[in-house]
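Laboratory data are not the source of any read-out in this text; all were calculated from the coordinates shown. Keep in mind that this is a model prediction, so the values were computed, not measured. No Cβ is skipped: glycine too gets one built from the backbone with ideal geometry, and neighbour counts run over all protein chains shown.
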Amino acid sequence: MYGGEEVQITPGMQAYIDKNGAYLAKRDKYIREVVKKWKFDTIAVHGLYSVEDAIEDYQGSIIEPIFMSTAQAYRDSDEMACALAYMIPTWCYSRIANPSTYYYEWTLALLEGYGYDGVTEACSTSSGMAAIMTAVQPFLVHRFHNKHEPRNFVATAQCYGGTFQQFSVRMQEERDIECRWVQDPTNLDEWAEKIDENTRFLYGELPSNPGLGFFDIQQVADLAHSHELPLIVDSTVATPALLRPICHGADIVVQSVTKSITSSGFGVCGAAIARKGLVTNIDNDVLKENFAIYVKYLPNRDYGPNLHPMQAIMSLNDMRTLRTKMDMLSRNTMKVAQYLQTHPAVESVEYLGLNDHPLHELASKYMWLVDSEYDDQYNKQRVNRYGHLMSFCVKGGPEPTRKFFDGLQRIWRATDLGRIKSVATIPAISTHQQQGEQGRKLANIPPNLVRLCVGGESPDDTIADLDQALSQVATSTAVATG
């Protein structure tokens with residue numbers, strides 16, 4: 001199915017195929033009849049690691065084991081031949097897979113597919129940037145053996161700086177694959193007018209980092225599918241606790257799991273999560289049927305953007321409390337955003353939870369705290385939550401912005417986001433510095449913009465730190481104008 005030349009199946013190999021076929025059927029039944037009926041929190045805590053797994057295979061360990069091994073040993077040549085032809089489940093070599101990464105992938109796939117009637121699969125990667133590469137590269141191959149065929153894709157200009165560099169430099173400048181930037185992703189006509197017969201996919205980030213861009217996922221997915229194209233969505237900021245794009249028509253979700261999901265900040269990791277049976281104009285039935293498994297066993301086997309098993313388990317452990325964590329961070333951020341709106345040294349505030357934000361109504365259509373309708377805390381009603389990312393502009397331009405930034409005492413100055421600790425940066429001199437002034441204008445990132453990711457501290461303490469730093473700016477501005 002995923003290998004190269006055809007393999008002659010021996011009786012011994014057939015015995016392994018039959019045995020593992022029964023295992024897969026049992027696992028699929030367990031997912032369908034048991035796991036799919038669990039609530040989000042239960043899936044986040046347990047994933048597919050069962051008591052039976054623990055007792056039969058791992059000496060009763062209640063936490064998924066970390067497999068610190070480069071390779072898997074096989075019983076005999078028949079089992080090895082089946083495994084390397086991908087006829088039976090295998091992890092083979094940790095560049096390709098590892099049992100620890102499997103548990104991570106299975107849990108994340110179930111969370112992104114929560115509420116979706118179909119099947120989702122995940123491919124783990126060593127970082128969020130590797131996840132983007134994993135998600136987009138398979139659609140950029142030459143079709144019909146035509147190496148001179150022009151290729152393009154359509155993407156939102158409001159995106160993370162690393163994404164902008166990967167698309168504009170690594171693909172467009174170095175490989176002549178055109179990236180057609182959408183400046184207003186809420187304008188469906190702008191998406192549509194950039195699509196032609198050489199377009200391979202549509203790509204969007206929402207909420208975008210750092211500008212909080214958003215678009216109507218269902219409408220853009222329908223547009224993509226009408227042209228036989230997949231919609232790929234970076235949903236890192238929201239996480240599946242607040243938004244699950246596959247439920248609204250997206251084909252693939254990219255997660256920089258480094259961020260919101262691994263809020264502890266203990267390491268870097270990513271994933272591409274796809275629905276089975278995605279839409280594409282690429283003539284590759286295996287890719288269409290199960291994209292995540294295809295990229296794991298073929299392109300990523302050769303490129304090697306693997307995830308370390310230690311990091312897989314650390315991120316899986318952070319994943320277990322994702323819903324309550326995102327709820328808390330969202331509520332903290334709302335309070336901080338409301339405070340900043342009233343501060344005289346602040347020019348503007350970008351946070352989708354604010355009622356007067358131009359994208360508030362659209363974001364409210366999609367961003368909900370998962371399972372809040374089953375929670376007594378919310379009177380069993382769905383409640384909107386908008387995440388931990390916000391940004392704001394300091395009055396007076398770049399110089400006062402730096403003065404404010406340097407005055408922070410408790411909020412960390414770093415390019416990180418999604419931490420349990422509050423972190424701030426100035427995107428124009430950090431995360432989006434390399435894309436240049438023209439690129440920042442395209443993405444609407446002015447030099448006085450501060451990106452703030454509110455953490456789990458008391459929001460009152462976060463506000464106190466912002467207040468003292470902003471007061472220095474207000475005082476110096478008053479002296480200068482006086």
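I'd like the Kirkwood hydrodynamic radius of the range 322-481, using the inverse of the mean 1/r over distinct C-alpha pairs, in Å.
16.5
Pulled fully out, how much extra length does the chain show between SER348 and ALA464, if you take 0.36 nm times their separation in residues and subtract their Cα-Cα distance? It would help to have the intermediate numbers written out before the result.
Working: separation 116, 0.36 × 116 = 41.76 nm, distance 1.89 nm.
Separation in residues times 0.36 nm, less the Cα-Cα distance, equals 39.9 nm.
When we measure straight from the Cα of LYS395, which aspartates and glutamates land under 19 angstrom away, once same-chain ones fewer than 8 places off are left out?
List returned: GLU347, GLU350, ASP406, ASP465, ASP467.
Compare the Cα positions of TRP412, LEU362, GLN377 along the charge dipole of the range 322-481 (+1 at Cβ of Lys, Arg; -1 at Cβ of Asp, Glu; about the Cα centre) and return the one farthest towards the positive end.
Among TRP412, LEU362, GLN377, the one farthest towards the positive end of the dipole of the range 322-481 is TRP412.
Which pairs break 32 Å Cα to Cα here: LYS39/LYS194; LYS26/LYS259; LYS26/LYS296; LYS39/LYS296; LYS37/LYS296; LYS37/LYS325?
Where the Cα-Cα span goes over 32 Å, the pairs concerned are LYS39/LYS194; LYS26/LYS259.
So if a site counts as exposed when it's one of the GluC sites (Glu not before Pro), its DSSP state isn't H, G, I, E or B, and it has at most 11 other Cβ atoms within 10 Å, what's the longest stretch of the chain without one? Present the calculation step by step, with values, prior to reporting the outcome.
Values: sites that count: GLU5, GLU6, GLU197, GLU228.
For GluC sites (Glu not before Pro) (loop position, at most 11 other Cβ atoms within 10 Å), the longest site-free span of the chain is 229-482.
How big is the dipole moment of the chain about its Cα centre under a simple scheme where the beta carbon of each Lys and Arg is +1, that of each Asp and Glu is -1, and everything else is neutral? Debye, nearest 20, please.
Details: 44 positive and 58 negative charges, 166 e Å.
In debye, rounded to 20, the chain gives about 800.
In 10 Å bins starting at zero, report the fraction of Cα pairs in the range 92-158 per bin as a rounded %.
Spelled out bin by bin, the range 92-158 gives 16, 34, 32, 18, 0 percent.
Mind giving me the nanometre distance, one decimal, between the label points for HIS46 and ALA71, set 7 Å out from Cα along Cα→Cβ?
Simple spin-label model gives 3.7 nm for this pair.
Would you kindly state how much longer the chain becomes between GLN218 and VAL7 on full extension, computed as 0.36 nm times their sequence separation minus their alpha carbon distance, in nm to one decimal? Numbers along the way, then the final one.
Details: separation 211, 0.36 × 211 = 75.96 nm, distance 4.27 nm.
Between GLN218 and VAL7, full extension yields an extra 71.7 nm.
Compute the long axis of helix 322-341 from its Cα atoms, compare it with the longest principal axis of the Cα atoms of the chain, and write down the angle in degrees, 0 to 90, nearest 10.
It works out to around 20 degrees.
Measure nothing fancy, just the Cα-based angle from helix 309-319's long axis to the longest principal axis of the chain, in degrees from 0 to 90, nearest 10.
Between the helix axis and the principal axis of the chain, the angle is about 60 degrees.
Between ASP53 and GLN14, how high is the FRET efficiency from 1/(1 + (r/R0)^6) when r is the Cβ-Cβ distance and R₀ = 30 Å? Nearest 0.05. Write down the numbers at each step before the final one.
On the way: r = 26 Å, r/R0 = 0.86.
For ASP53 and GLN14, the calculated efficiency is 0.70.
Once the convex hull of the C-alpha atoms of the chain is built, how many Å³ does it hold per residue, rounded to a whole number? Present the calculation step by step, with values, prior to reporting the outcome.
Numbers: hull volume 72.1 nm³, N = 482.
It is 150 Å³ per residue.
Size of the range 3-61 along its principal axes in angstrom, Cα-based, largest extent first?
The Cα atoms of the range 3-61 stretch 45, 26, 20 Å along the principal axes, largest first.
Restricting to the range 360-481, compute how many DSSP beta bridges are antiparallel as a %, nearest 5.
Values: 9 of 11 bridges.
Taking every DSSP beta bridge within the range 360-481, about 80 percent pair in antiparallel fashion.
With runs of 4+ DSSP H residues as the only contributors, calculate the mean residue ellipticity of the chain at 222 nm using -39,500 (n - 2.57) per run, divided by the residue total and rounded to the nearest 500. Let's see the in-between values first.
Numbers: 19 runs with 188 residues, N = 482.
Calculated from helices alone, the mean residue ellipticity at 222 nm is -11500 deg cm²/dmol.
Kindly express, to the nearest 10 degrees and within the range 0 to 90, the angle between helix 398-407's C-alpha long axis and the longest C-alpha principal axis of the chain.
80
To the nearest 20 debye, what is the magnitude of the charge dipole of the range 187-321 about its Cα centre, counting +1 on the Cβ of each Lys and Arg and -1 on the Cβ of each Asp and Glu? Show your work: numbers first, answer last.
Details: 10 positive and 16 negative charges, 165 e Å.
Once rounded to the nearest 20, the dipole reads 800 debye.
Which of HIS432, HIS142, HIS357, HIS227 has the fewest other C-beta atoms within 10 Å, and how do the rest follow up to the most? Walk me through the numbers before you get to the answer.
Details: HIS432 26, HIS142 10, HIS357 19, HIS227 16.
Ascending Cβ contact count within 10 Å gives the list HIS142, HIS227, HIS357, HIS432.
If I model a spin label at ALA192 and ASP376 as a point 7 Å from the Cα along the Cα→Cβ vector, what separation in nanometres do I get?
The answer from the label model is 5.0 nm.
Given labels modelled 7 Å from the Cα in the Cβ direction, how far is it in nm from LYS26 to LEU442?
5.3
At most 10 other Cβ atoms within 10 Å and a DSSP loop assignment: could you name the trypsin sites (Lys or Arg not before Pro) in the range 146-175 that fit? Mind showing how you got there, number by number?
Details: sites: LYS147, ARG151, ARG170, ARG175; in loops: LYS147, ARG151.
Sites meeting the loop and neighbour criteria: LYS147.
What relative contact order, as a whole-number percentage, does the chain give when Cα pairs under 8 Å and 6 or more residues apart are counted?
Details: 938 pairs, mean separation 76.5, N = 482.
RCO, the chain: 16 percent.
Stokes-Einstein D for the range 94-319 at 20 °C, 1.002 mPa s, Kirkwood Rh over Cα pairs, in µm²/s? If you can, show how the numbers build up before the last one.
Details: Rh = 17.2 Å.
Approximately 124 µm²/s, per Stokes-Einstein.
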